[in-house]
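Asks: Got a structure here, written out as structure tokens. Questions coming.
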Amino acid sequence: MKHVLLGSTALVAAGLVASGASAEEPVKLGIQGFYQAAIGALLDEDGTADGDLRNYSVETNGEVRFHGETTLDNGLTVGARIEMEAFNSSDQIDQAYAFISGGFGEVRLGDTLEALAQMCYLTPQAGSLFGADSPNFNFSNAGVFGYGATNGTCYGLAAESSSIIYFSPSFGGFSFAASFAPEASDSQGGGVANLGAPGVVFFGTNGFSTGSPSTEFKTNEGQLENIFSVALSFSHDFNGFSLVAGGAASFADVEESAFSSVVDDDVEDYNAYLNFGFGGWTIGGALEYRDNLNPFTSDSDRLVYGVGLTYGVDAWTIGLNWTHGDYDFGDSSHEDDYDVIQFQAVYALGPGITLEGMIGYNDYDSPVGEEDYDAIEIGTGIGINF
């Protein structure tokens with residue numbers, strides 16, 4: 001079974017070690033990452049912006065990961081990880097954190113995903129490029145009129161926010177994680193020496209000074225704060241059968257200003273997944289529910305769920321998956337539905353190198369202005385891990 005997000009301490013220990021280090025050696029840096037590219041098109045598309053949108057595209061995705069660690073004489077492993085996007089991005093540095101691990105588990109401190117997003121499994125799909133559940137490449141234009149271009153069951157609330165997170169060791173197949181982030185943003189340091197806000201006076205350790213505060217404002221209207229997340233997972237093999245099951249919950253508050261129009265200041269997000277494996281088959285499903293999709297509108301929520309089936313033999317893996325999204329915007333006349341069904345075929349060309357293809361169908365129904373969307377989606381691409 002394919003765990004899409006790297007969250008567990010086992011994966012970190014097995015796959016992200018830069019190089020073996022003897023006792024009390026300094027941290028040694030290793031480089032890993034991936035590059036992906038795909039070309040796709042939309043056939044029989046209906047519902048775009050009067051033909052103004054192109055129905056074919058070449059898309060790329062990549063990341064360079066710097067990872068270093070060392071094991072001390074006391075048995076603790078200490079290190080850091082920085083993920084940099086391979087292309088110009090508004091969020092050029094993805095995750096960046098320090099970690100300490102040992103028999104107690106692992107603690108991370110820095111910009112990283114919440115516990116829900118770290119531990120979750122997607123609806124089973126054959127590869128890493130395409131799929132009906134939050135794929136890396138998606139050619140649908142449904143997002144022009146709807147909530148988004150695809151469905152997803154593993155988003156959570158905080159993205160890569162400045163957080164502290166704990167991963168437990170495995171106890172008979174059970175493991176858990178818990179995280180806390182003061183707000184949904186990354187913090188790069190503040191203090192009175194930062195003159196990013198001339199004319200604004202704050203009281204620092206050396207008296208009054210012009211600059212930025214060391215902590216964050218609590219009045220960024222609509223931004224999430226005090227984000228707490230917990231996740232529990234179970235994984236076990238039973239004489240040729242494998243089982244992975246789990247779930248998580250995230251909770252947050254919504255910041256308000258003096259002129260706030262926030263209606264509901266509490267946000268909740270839940271997810272669950274269940275996968276069975278036998279022979280070369282994997283079958284399973286996943287779901288995510290978010291309450292208070294829009295804090296400026298009462299009774300808005302999002303529910304996404306899906307199922308998938310994959311089969312692998314030799315260098316080939318094929319998959320068929322479907323997801324459905326219900327998007328309630330707090331108005332009985334504005335409840336959108338989105339269905340995505342997709343078939344993928346993946347060929348392992350070599351170690352860490354895959355060729356992938358897909359064909360799928362997207363159907364987005366919105367009662368607002370009768371702006372429905374549907375299209376047949378095709379694509380092919382290559383994935384390279386290094």
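Values in this text are rule-based calculations from the coordinates and carry no lab data. All of these numbers come straight from a predicted model, not from anything done at the bench. With ideal geometry, Cβ positions are generated from the backbone for all residues, glycine too; neighbour counts draw on all protein chains shown.
Asks: Rounded to the nearest 0.05, what FRET efficiency do Thr60 and Val27 have when you use their Cβ-Cβ distance and R0 = 35 Å?
Replies: On the way: r = 31 Å, r/R0 = 0.89.
Efficiency, rounded to the nearest 0.05: 0.65.
Asks: How many nm separate the modelled label positions at His334 and Val78, each set 7 Å beyond the Cα in the direction of the Cβ?
Replies: Result for the modelled spin labels: 5.2 nm.
Asks: Output ³J(HN,Hα) for region 62-71: one whole-Hz value per residue in order, computed from phi by the Karplus curve 6.51 cos²θ - 1.76 cosθ + 1.60 with θ = phi - 60°, and x for Gly and Pro.
Replies: x, 7, 10, 10, 9, 9, x, 7, 8, 9
Asks: Under 5 Å between amide H atoms, partner at least 5 residues away or on a different chain: which partners does Gly152 have, H built in plane at 1.01 Å?
Replies: Here the answer is Ser134, since their amide H atoms fall under 5 Å of that of Gly152.
Asks: Here's a follow-up. Taking a spot 7 Å from the Cα of Phe238 along the direction of its beta carbon, which residues of region 263-284 have an amide N less than 19 Å from it?
Replies: Flagged as within label range: 273-284.
Asks: How big is region 30-128 along each principal axis, measuring the range of its Cα positions in Å and listing the largest first?
Replies: That gives 65, 28, 23 Å along the principal axes, largest extent first.
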